[in-house]
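The values are calculated or read from the model by the stated rules, or taken from the named source; none is laboratory data. Being a predicted model, the structure only gives us computed values, none of them experimental. Every residue, glycine as well, gets a Cβ built from its backbone with ideal geometry; the counts of neighbours run over all protein chains shown. Heads up: the accessible areas ignore ligands, DNA and RNA and are worked out on the full protein's heavy atoms, side chains in. Shrake-Rupley method; radii C 1.70, N 1.55, O 1.52, S 1.80 Å.
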Amino acid sequence: PLALGLYTVNAIYGDTIIMPCPLEVPEGLMFGKWKYEMPNGSPVFIAFRSSTKKSVQYDDVPDYKDRLSLSENYTLSIKNARISDEKRFVCMLVTEDDVSEEPTIVKVFKQPSQPEILHQADLLETEKLQMLGECVARDSYPEGNVTWYKNGRILQPVEDVVVINLQKIVDKSTGLFTMTSSLQYMPTKEDADAKFSCIVTYYGPSGQKTIQSEPIVFDVHYPTEKVTIQVLSQSRTIKEGDNITLKCSGNGNPPPQEFLFYIPGETEGIRSSDTYVMTDVRRNATGEYKCSLTDKSMMDSTTITVHYLDLQLTPSGEVTKQIGEALPVSCTISSSRNATVFWIKDNTRMQTSPSFSSLQYQDAGNYVCETTLQEVEGLRKRQTLKLIVEGKPQIKMTKKTNTNKMSKTIICHVEGFPKPAVQWTVTGTGSIINKAKETKYVNGKFASKIIIAPEENVTLTCIAENELERTVTSMNVSAISIPEYDEPEDRTDDNSEKVNDQAKLIVGIVVGLLLVALVAGVVYWLYVKKSKTASKHVDKDLGNIEENKKLEENNHKSET
C-alpha cells in the first residue's frame, strides 16, 4: 500500500513481516542492501546481497539476530514481528553508475485479549454511588479504547451517577498496551436484571474492530415499597372447616422475612414469617385481614368470606302420627348466600314442600330436606324425616251376587296401619272361614273376600285387628234362592269387581214391586223354615265355594 507517497507494510504482531523491494532491479546491479532509520535519522544497515557472488550477509544488529531473510529478488522478511519493528526501512540497489533507494513503512498491529470485568461488586444498593467493576483489555497495539454498556446501550458519564475512569499502561519490554476502565454507578431497582458489559475498540490491518466482554448481572438491593397480602386456597371459595393460608410479600430485594398479620377480632398484629395458617375456620373468621412490615409501615388488606350452610328440619328422625292428625313440617335454612332447597320422598324428588293438614296412609314414607350452595364446592346439608301414619282398623263390607246366580262374593274392605289381620266367622256357630283371598296392601288399604252359596240366610262377621284395636263388623247374607239387592263395592279398591249399574238397580226395584204382593206370603214361610236349619248347612255351603268360583269364572255375561 502507498501511504503519504510511501510504501507501507501492515504486519500482525508475532507473524513474519514481508517487505518486497519497491525498486525494479536494474541492469548492471552489483548488490542490494536493506537498512532502517533511527529516530534521529541515522541509518542502520541490516542485510546485504551481492548479485555477482550470490551471497547474503546480515549485519550484527542484536534486535534482528536470526530474524532476517533476504531473497534473490531482494524481498526482506523479518520473523516474529515486534512493536519495535515499526520503523522506516529502505531498500538500496547499487550499480556502477547509480545508487537507488526506496523506503517502506512497517506498521505492526496486535489484537487485545477479550476484555474482562474484574473486581466486581458483590451487590449494588440503590441511591448509592459505588464501584461496579473494572474492565481490563490486555496486550493491544496500538492502544485501544474501552466503552461500558448496559443492556446493549452505551453508558455515558453522568455526574454522581455514572463515573468512568480509563487508564492505559504500556509494557516497556513488549510495547503492548493494557487498558483498564473502572465504572462507578448509582443503580435503581430497575437495574435488578440489567446486563452490564464492556467493549474494547482497537485498530487492525483492515481497520477498526471491537471485542466484547461477557455480560454481568448484579444483585441489586432496594427497599420494600409495597406489601401484598394473598389468600392461598385450593378452591375459589372458602367454607367452614377449610384451612386458610395467608401470604404476605414485599417488593424489596431481598424481600422481607417477617410481617405483622392482623386478624379480625385481634387488636394487635401477630408476628410471623411470610405465611400465616388458620385451620378448621368457622363463619366468624369472615372479615378483613391485613399485613404490614414489622415496623407497621406499608400495609395491605383483603376480605375473606367463610361460607356456611345450616339446615334445621322440624320434626326430624322417626315420627309416628295417627291418621287424620295434622303435622306441621318446616325446613329452615341459614346460609352465607342464597341456597337451593329441595325435597325427596322415598328417593323421588318432590315438586313442592310437604304439608300435612290431615294425614293419610299414603303420606307415610322417608322424607329428605336437602340444600346446597351451588357456588361453593362441597357445601351440602340434608336431614331426614321418617313419617309413620298409624290408624285403627276400619271395615266396610260389601256383597255381590255373582253372574251365574249360583254364588255370592262377600268383601271386607279394611284400612289401618300396622296392617290388620283379618278373620271371617259365621255368626251363631262361630265357625272360622279360612279360604279368604286378600288384595295387595297399598297405602294402608286392602280387601279380603270370600265366595259362598248359602242355602239359608246367614250372618258373616269380618274381624280386623292390629296393635291399636280390634274391629268387628257383620253382614246378613240371604240364601242364594232369595232375591236381594247387592251392595256396591268400594270403587277405590283396584282388585274389586265393578258393581251393577244404576239401570240394573232400577229394573230390579220395579220387578220386586210387581211381585211383592204375589209372593210375600210364600217368601216369609220359606224364610222362617230355612232359618232354623241354616247353621246345619253352612259348612256344606262353604264346601261348595270352589265349585261356585268356577261357575263364576265361566259366566262373564251381564245380568238380564
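Mind listing the long-range amide H neighbours of Asn251? Cut-off is under 5 Å, sequence gap 5 or more, other chains count too, H placed in the peptide plane at 1.01 Å from N.
Distant-sequence amide H within range of Asn251: Glu225, Lys226.
How big is the C-alpha Rg of segment 319-441 next to the rule-of-thumb value 2.2 N^0.38 Å, as a ratio?
1.66
Could you check the spin-label model distance between Thr348 and Lys226? Points 7 Å from the Cα along Cα→Cβ, value in nm.
6.1 nm
Show me 12-21, 199-208, 344-353 ranked by packing, highest mean number of other Cβ atoms within 10 Å first.
Most protected by this proxy first, the peptides run 12-21, 199-208, 344-353.
Run the accessible area of segment 261-322 with a 1.4 Å probe and give the carbon-and-sulfur part as a rounded percent.
The value for segment 261-322 is 43 percent carbon and sulfur by accessible area.
May I have the extent of the alpha carbons of segment 222-310 along their three principal axes, as whole Å values ordered from largest to smallest?
Reported extents, whole Å, longest axis first: 50, 28, 16.
How long is segment 392-477 along each principal axis, judged by its Cα atoms, biggest number first, in Å?
37, 27, 18
Quick one: what are the phi-derived ³J(HN,Hα) couplings along segment 458-475, Karplus 6.51/-1.76/1.60 with θ = phi - 60°, whole Hz, x for glycine and proline?
Per-residue couplings from phi come out as 9, 10, 9, 10, 10, 10, 10, 9, 10, 5, 8, 6, 10, 10, 10, 9, 10, 8 Hz.
Given a 1.4 angstrom probe, what's the average accessible area per residue across the chain, in square angstrom?
On a per-residue basis, 58 Å².
Which far-off residues, 5 or more places away or on another chain, put their amide H under 5 Å from the one on Thr403, with H placed in the peptide plane?
When sequence neighbours closer than 5 places are left aside, there are no close amide H contacts.
Taking Cα atoms, how many degrees apart are the long axis of helix 534-543 and the longest axis of the chain, rounded to 10 and kept between 0 and 90?
Orientation of helix 534-543: about 40 degrees from the principal axis.
Amide H to amide H under 5 Å from Gln383: which residues, 5+ apart in sequence or cross-chain, H placed 1.01 Å off N in plane?
Hits under the 5 Å cutoff: Cys369.
If I compute solvent accessible area with a 1.4 Å probe over the protein chains, what percent of it on segment 411-471 is carbon and sulfur?
Of all accessible area on segment 411-471, carbon and sulfur atoms account for 49 percent.
Relative to the first principal axis of the alpha-carbon coordinates of the chain, what is the inclination of helix 545-554, with its axis defined by its Cα atoms, in degrees from 0 to 90 and to the nearest 10?
The answer is roughly 70 degrees.
Based on C-alpha coordinates, I'd like the Rg and Dmax of the chain, in Å.
Computed over the Cα atoms of the chain, radius of gyration and Dmax are 62.9, 197 Å.
What's the whole-number percent of alpha carbon pairs in segment 7-109 lying beyond 18 angstrom?
I get 44 percent for the Cα pairs in segment 7-109 exceeding 18 Å.
For the chain, give me the percentage of DSSP beta bridges that are antiparallel, rounded to the nearest 5 percent.
Close to 90 percent.
Can you work out ³J(HN,Hα) from phi for every residue in segment 152-166, in order, using Karplus 6.51 cos²θ - 1.76 cosθ + 1.60 and θ = phi - 60°, giving whole Hz and x for Gly and Pro?
x, 10, 5, 8, 8, x, 9, 4, 6, 10, 10, 10, 10, 10, 10
Quick one: compute the contact order of segment 320-366, relative version, from alpha carbon pairs under 8 angstrom and 6+ residues apart, as a percent.
Once divided by the residue count of segment 320-366, the mean separation gives 53 percent.
Where does helix 502-532 land angle-wise versus the long Cα axis of the chain, in degrees 0 to 90, nearest 10?
Compared with the principal axis, the helix lies near 50 degrees.
Considering only protein heavy atoms, what is the solvent-accessible area of Arg337 at a probe of 1.4 Å, reported in Å² to the nearest 10?
Answer for Arg337: close to 100 Å² accessible.
What is the sum of charges, Lys and Arg at +1 and Asp and Glu at -1, for the other residues whose Cβ falls under 9 Å from the Cβ of Asp139?
Net charge around Asp139: +1.
Compute the separation of the alpha-carbon centres of segment 296-328 and segment 442-463 and state it in Å as a whole number.
53 Å
Compactness ratio of segment 309-389: Cα Rg over 2.2 N^0.38 Å, N = residue count?
Here the answer is 1.15, to two decimals.
Please give the contour-minus-distance gain from Thr174 to Ile270: 0.36 nm per residue of separation, less the Cα-Cα distance, rounded to one decimal in nm.
27.6 nm
Given the DSSP H assignment, sum -39500 (n - 2.57) over each helix run of at least 4 residues in the chain and divide by its residue total; what's the result at 222 nm in deg cm²/dmol, nearest 500?
Counting only the DSSP helices, I get -3000 deg cm²/dmol.
Rank-order 266-277, 133-144 by packing density, defined as the average count of other C-beta atoms within 10 Å over each peptide's residues, highest first.
Those peptides, ordered most packed to least, come out 133-144, 266-277.
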